[in-house]
Amino acid sequence: MSENNNNDPIIVCQDVHKWYGQFHALRGIDMEVRKGEVIVIFGPSGSGKSTFIRTINRLEEHQSGQIVVDSIELTHDVRNIEAIRKETGMVFQQFNLFPHLTVLQNITLAPLQVHKWKKEKAEEIAMQLLERVGIPEQAEKFPGQLSGGQQQRVAIARALAMQLKIMLFDEPTSALDPEMIKEVLDVMTELAESGMTMLVVTHEMGFARSVADRMFFFDEGQIVESGSPEDIYNNPQEDRTKLFLSQILQH
Amino acid sequence: MEKTHTTQQATIPFWRDERVLRVLGQIIFLIAVIVFGYYIYNNMITALAKQGMTPSFAFLNQTAGFDIGERLIEYERADFNKRAVLVAVLNTVQVSIVGIILSTILGVFLGIARLSTNFLVAKLSSIYLEILRNIPLLVLLIFWYTGIFITLPRVKEAISLGTSIFISNRGMVIPWGIPTETWRAYLIVLGVGIVLSAIVNWQLNLVGKRTGRPPLVTLWTIITFLAVAIIGWIALPQSPLTLDLPTLQGLNFKGGYTFSPEYLALLSGLVIYTAAFVGEIVRAGILSVSKGQIEASRALGLNAFQTLRLIVFPQAMRVIVPPLTSQYLNLTKNSSLAVAIGYPDLFAIAGTMHNQTGRSVEVIALMMGIYLSTSLITSVFMNFYNKKIKLVER
Ligand SMILES: Nc1ncnc2c1ncn2[C@@H]1O[C@H](COP(=O)(O)OP(=O)(O)O)[C@@H](O)[C@H]1O
Ligand SMILES: [Mg+2]
């Protein structure tokens, strides 16, 4: 694989469609993400935001169109799917930590099983990541013993342990109490500054404004509008965008 | 802070101190149990005394005087009652262990089938579960016995499966091994196999601890044992068992091993009934692992097998083990319904013994003691396992 130039797209989606039975959930999504970009996706509930980012690591299958991640096309080929999953990490709204494993085991599981690393190496990197997300002292605890904010930071560390190129976040702070949102957003901001390519579904507009390179507004399975945070906030073109922004910025 | 804490505690009157109250509660409960137990015991002794009897287990060392149709060890009617009890216990334990193993296997299949995306498979297994859960076990046992096993053809017209398994109204005869001169040597080989597989198990667990990647420990342990068993069988100059094929001679089969219709009816009834509950437990266990767990695992790059083995299975087991334990205990206790179809289990033989000796209190106490201790042993074992796999919560 050739070294990616910073201007090369690392994710290319062309005319992506997805149906759930009769329901047309994604109606022709086009998106190119360059290496190191931070993309924020927002829009009303049920607009297909989750569905879209979940097609990128094949948690959902798209039925037509093309998705290419780091020059690997997503097809029915299991090898491609596995290769893409090694390059992308995902952070879920509900954290989805493994409750039967300690924090350290949660983080080292995939490096040990997928990358077949030595235990010492995996644990060393896991501890570095726990330092980075600010909770090294929790390594031996179980997820059930942590607060929501701590759990979500472990989930981020767990994804990062795979040494990946792309991070997908699906409403990472929506299940958190207000005082914990900041600790997770701080970790995400630091991650963005370190040059990670990020796709973030979120309604945290402060985060979007300060960190996002581009924002995409989704409605009814389509991209209604996209642009820099400046453009979207100060000069939205579409009525639907204006309406939605006025609703979420009110409170 | 620390100081005010202690001074405050020192001033609590004891009747408001929760620590004192907790201990006190236990002591009062214990006293109540002892008083009640003594009252019952006293009552019983007085009642027995009125009939001119004192409780005694001396009857265990008297001749039994009755036959037992099915047994795993040698027994004659001239043997002591205690020998008869042993025969009975072994029968109960044997049918329970075989029943537990078979109902677990069948139940796991049913549970998984009910979750199947194949409509027919899912529907059939859910019908099975619904029907079986709603029929009393006693009815089921009598159905198997009178409706199926003893209405089978007579010995002369026995149904044959293959060339040497025969099913008739006298039960099922299968080929059986007869020990040859090398059998004792082979037992030693099997002992070596157990030791070797224990070593393999131990070493692989160490490897798992060291690398963080647990190998398939159970699988390799079993493979080691089987390998030793097979190599030993081939290497011995004469094979340790010769096959004893059943043949029809006169009115009955000679040779092989016969399972009686009573045993078969009891086993089938217990297995089919318990498997329905096990199936439900397995299904609930699998469903208890949220979809998010599987998605998180797959998103991390673990494949379907790794996800099943490392994420789904360990979590499902936590939900499955406690109710499964009570199903195992139920099966063991339910085996006492054998009395209805004439299989000589503990309950049936205790009944006979009671009739013969008139020692009702002692026989019932003995029987309860035995059921209780088998149940307790099972519970202790399963609780130990359950503790090992329990989740830590906040
Ligand atoms: N597994 C599914 N089966 C059927 N419909 C689904 C499924 N998942 C999502 N949908 C539908 O697809 C639409 C988009 O869902 P989603 O991507 O979760 O929206 P968002 O994340 O933007 O709130 C919704 O209308 C939802 O009801
Ligand atoms: Mg969503």
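The values are calculated or read from the model by the stated rules, or taken from the named source; none is laboratory data. These numbers come from a predicted model, not from an experiment. As a convention, Cβ positions derive from the backbone with ideal geometry for all residues, glycine included, and neighbour counts pool all protein chains shown. All accessible areas refer to the heavy atoms of the entire protein, side chains included, with ligands and DNA or RNA removed. Shrake-Rupley method; radii C 1.70, N 1.55, O 1.52, S 1.80 Å.
Comparing B:Ile34, B:Ile178, B:Ile127 in a Gaussian network model of chain B (Cα springs below 10 Å), the most mobile by mean-square fluctuation is B:Ile34.
In segment B:327-394, taking the dipole from charged Cβ atoms about the Cα centre, the farthest positive-side position among B:Tyr385, B:Ile349, B:Tyr328 is held by B:Tyr385. In chain B, the C-alpha radius of gyration followed by the widest Cα-Cα span (Dmax) gives 27.4, 94 angstrom.
For chain A, what's the relative contact order in percent, using C-alpha pairs closer than 8 Å and at least 6 residues apart?
Details: 445 pairs, mean separation 63.8, N = 251.
Contact order relative to length: 25 percent.
Counted as membrane-span-like here are DSSP H helices of chain A whose alpha-carbon atoms extend 15 Å or more along the helix's own axis and whose Kyte-Doolittle mean is 0.0 or above; these are A:103-113, A:178-193. For chain B, the relative contact order is 20 percent, taking Cα pairs closer than 8 Å that sit 6 or more residues apart in sequence and dividing their mean separation by the residue count. Checking every one of the trypsin sites (Lys or Arg not before Pro) in segment B:44-96 against DSSP loop status and a limit of 12 other Cβ atoms within 10 Å picks out B:Arg77.
The contact residues of segment A:73-88, meaning those that lose at least 20 Å² of 1.4 Å-probe accessible area when all protein chains sit together rather than their chain alone, are A:Glu82, A:Arg85.
Neighbouring Cβ atoms from other chains, within 10 Å of the Cβ of residues in B:83-92, number 0 on average. DSSP beta bridges fully contained in the protein assembly as shown are about 70 percent antiparallel. In a Debye calculation with equal point scatterers on the alpha-carbon sites of the protein assembly as shown and no solvent, what is log10 I(q)/I(0) at q = 0.06, 0.09, 0.11 Å⁻¹? Log10 of I(q)/I(0), two decimals: -0.56, -0.98, -1.17.
As an exercise, identify the trypsin sites (Lys or Arg not before Pro) in segment A:52-133 lying in DSSP coil whose Cβ has no more than 12 other Cβ atoms within 10 Å.
Counting only loop positions with at most 12 other Cβ atoms within 10 Å, the trypsin sites (Lys or Arg not before Pro) in segment A:52-133 are A:Lys116.
Give the carbon-plus-sulfur fraction of the accessible surface of chain A in %, rounded to a whole number; probe 1.4 Å, heavy atoms of protein chains only.
Carbon and sulfur: 44 percent of the exposed surface of chain A.
Only aspartates and glutamates eight or more places from B:Lys123 in sequence, or on another chain, were considered; those with a Cα closer than 16 Å are B:Glu280. Averaged over its residues, chain A has an accessible area of 43 Å² per residue, based on protein heavy atoms and a 1.4 Å probe. The dipole here belongs to the protein assembly as shown: it is taken about the Cα centre, uses +1 on the Cβ of Lys and Arg and -1 on the Cβ of Asp and Glu, and is about 2460 debye.
Just tell me the longest site-free run in chain B, where the sites are GluC sites (Glu not before Pro) in a DSSP loop having at most 13 other beta-carbon atoms within 10 Å.
The longest such stretch corresponds to B:182-392.
Would you calculate a helix-derived [θ] at 222 nm for the protein assembly as shown, using -39,500 (n - 2.57) for each DSSP H run of n ≥ 4 and dividing by the full residue count, to the nearest 500? That calculation yields -17500 deg cm²/dmol at 222 nm.
Applying the criteria of a DSSP loop state and at most 10 other Cβ atoms within 10 Å to the GluC sites (Glu not before Pro) of segment A:122-212 yields A:Glu140. Within the listed set B:Leu206, B:Leu248, B:Leu324, the residue fluctuating most in the Gaussian network model of chain B (springs between alpha-carbon atoms under 10 angstrom) is B:Leu206. Within the same chain, lysines fewer than 8 places from B:Lys82 are excluded, and of the rest, those with a Cα less than 28 Å from its Cα are B:Lys50, B:Lys333.
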